[in-house]
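Asker: Below you will find the structure I want to go over with you.
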Amino acid sequence: MSQKKNRIRRNIWYFLKPSVGKLLGILMAAYFVFTFFSIRNRVQVNFYEVEEGSLVKEHIYTGIILRDETIVNSADNGYIYYYVADGRKVANGNRVYSIDETGDLMNYLNTHASEIEVLNSSKVTDIRTELLHDSRSFSDRDFKTLYTLKDTLDAHVIEYASMNIFSSMSEQMRESGINFREYRSDTTGTVCTYTDGYEDITETELSSSLFNQSAYKRDVIKSGDTVTTGNPAYKLITSENWMIAFPMDKEDVDEFRGRDTLRISFSDKDFSTQAGFKVISGADGNQYGLLSLDSYQIQFTSDRFVKFEIVTNDVSGLKIPDKSITTKDFSIIPVRFLTMDENGNQGFYKAVVSESGTGTQFVIPEIYNTDEEYCYVDCKDDTVLRPGDYVISSPSDTEDRYQIGPVKGLKGVYNINKGYAVFKKVEILESANGYSIVRKNSSYGLSVYDHIVLDTETVHDGQLLYR
């Protein structure tokens, strides 16, 4: 029996006897247990790497053109032929069109077609330019604009032909017994060979129905068409001043409030310009923007609706997703209480009450932001400052004190560079399309290549995270 007890004692002593190997084994086991529970308790999150970028907020609109337009009615019945191409200027007293009452001119053109030079190189260039501009602005969702382009090109070809005819063959036609009457302009302006019912609309008559392009219709008059007395023969644009009216929502009105000029860009025309700007109320009570221009009118003579962009300055900084931004409340302490100790550390003197009386203690809490008025401190129970504590300006002036209590929110993100969540404030410069541009190189803020949490609702300060 005694031998059995001795063996048991020896076995116990063997296991309890200290050794380096056993100590390493215990440490490794403890390490694996700690690692297992650390990983188990970590929250796996999606993160975003902060990058430099810029944000251009799109301000693209479609407006209607308002200008000084005078419709000139036909003085006779018959077939109309133009001396001036659509979109070209005519001086006071110059020939604009002629009327062939009998149709003999059309027969003459058909029988002498081989003698007519329809298009020279300059006219071909004009048509190519027209095609280029329309191709840039073409959209599958607005296919009807293709028919407008076809009508415009047809009119150009016929007008160029008739201009050549009347300049080079008028005497021959008269000798052949073809009679036609010529009509001249009584003012200077730009000739347009279409009407659309918008000629007399003013800014006070604006309404949402005018911007319905699906209901828009225009009547194009081409050389060779028949016209009747008193009906439109052409119209004249008599001023270089023109306007673009466009609908605005409340956000637009707020953004451009107080501006009297705007820079606008026409992507299909490849140019931008400065325009006068004001906001007006239409006849339907809605808000409309009104852009005023005094040049480039001739490039838009065939347009009633125009697509343009209001150009705003690009905002550059650090680009982050909007969904990564949250708001957190911090205790605010007047910045005048922030001071330094003899080692150069920034902190506060906290009033400490003990049995011997009131003293002071210099504390160094983590500061998340400072502005002109306040320091922002997270005063939780485990920090050196708590709600209800007093801070004083200096140990020698305990009467100048402030009780911690009021809070104020800061916008920010959770930085996870070190494997746990740390709140970093952000200063938003601009937001659009799900992203925000925040100020770069700001104190207590973000830096390029920082990793931030995408879903801020699943984390809190100091939380251990797994990426």
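Asker: Quick one: Cα centre-to-centre distance for segment 419-457 and segment 278-350, in angstrom?
Answerer: If you average the Cα positions of each part, the centres end up 17 Å apart.
Asker: Here is a further query. For residue 391, what is the net charge nearby, where nearby means another residue's Cβ is under 11 Å from its Cβ and Lys, Arg count +1, Asp, Glu -1?
Answerer: Net of charged neighbours comes to +1.
Asker: Over 26 Å between C-alpha atoms is what I'm after, so list which of 217/307; 323/425; 411/440; 269/319; 380/411; 89/217 land there.
Answerer: 269/319
Asker: Run the paramagnetic zone check for residue 432: 7 angstrom along Cα to Cβ, then residues of segment 259-289 with backbone nitrogen under 15 Å.
Answerer: What the label zone holds, given the 15 Å backbone N cut-off, is 263-267.
Asker: By how many nm would the segment from residue 400 to residue 366 grow when fully extended, if each residue of separation counts as 0.36 nm and the alpha-carbon distance is taken off?
Answerer: Here the answer is 10.0 nm.
Asker: As a footprinting exposure proxy, order 418, 57 by other Cβ within 10 Å, with the fewest listed first.
Answerer: 418, 57
Asker: Is the C-alpha gyration tensor of segment 229-387 telling us rounded, prolate or oblate? Criteria: a/c under 1.5 is rounded; beyond that, a/b larger than b/c is prolate, otherwise oblate.
Answerer: Prolate, since a/c reaches 1.5 and a/b exceeds b/c.
Asker: How many nm is it between the label spots at residue 268 and residue 311, if each spot is 7 Å from the Cα in line with the beta carbon?
Answerer: Label-label distance for residue 268 and residue 311, simple model: 2.0 nm.
Asker: Continuing with the same structure: Multiplying the sequence separation of residue 68 and residue 352 by 0.36 nm and subtracting their Cα-Cα distance, what value in nm do you get?
Answerer: This chain segment gains 94.2 nm when fully extended.
Asker: Next question. If each residue's Cβ is checked for other Cβ atoms within 10 Å, how do 83, 234, 296, 183 rank with the fewest at the top?
Answerer: Listed from fewest to most nearby Cβ atoms, that is 296, 183, 83, 234.
Asker: Okay, moving on. Tell me which residues come under 5 Å, amide H to amide H, from residue 78 once H is placed; ignore anything under 5 positions away on its chain.
Answerer: Excluding prolines and chain starts, which carry no amide H, the hits are 227.
Asker: Continuing with the same structure: How do 328-334, 256-262, 201-207 rank on mean C-beta neighbours within 10 Å, highest first?
Answerer: By packing density, highest mean first, the sequence is 328-334, 201-207, 256-262.
Quick note: the coordinates plus some simple rules give every number you see, no bench work behind them. Please read all numbers here as calculations on a predicted model, not as lab measurements. Because the Cβ atoms are built from the backbone with ideal geometry, glycine has one as well, and the counts that use them run over all protein chains shown.
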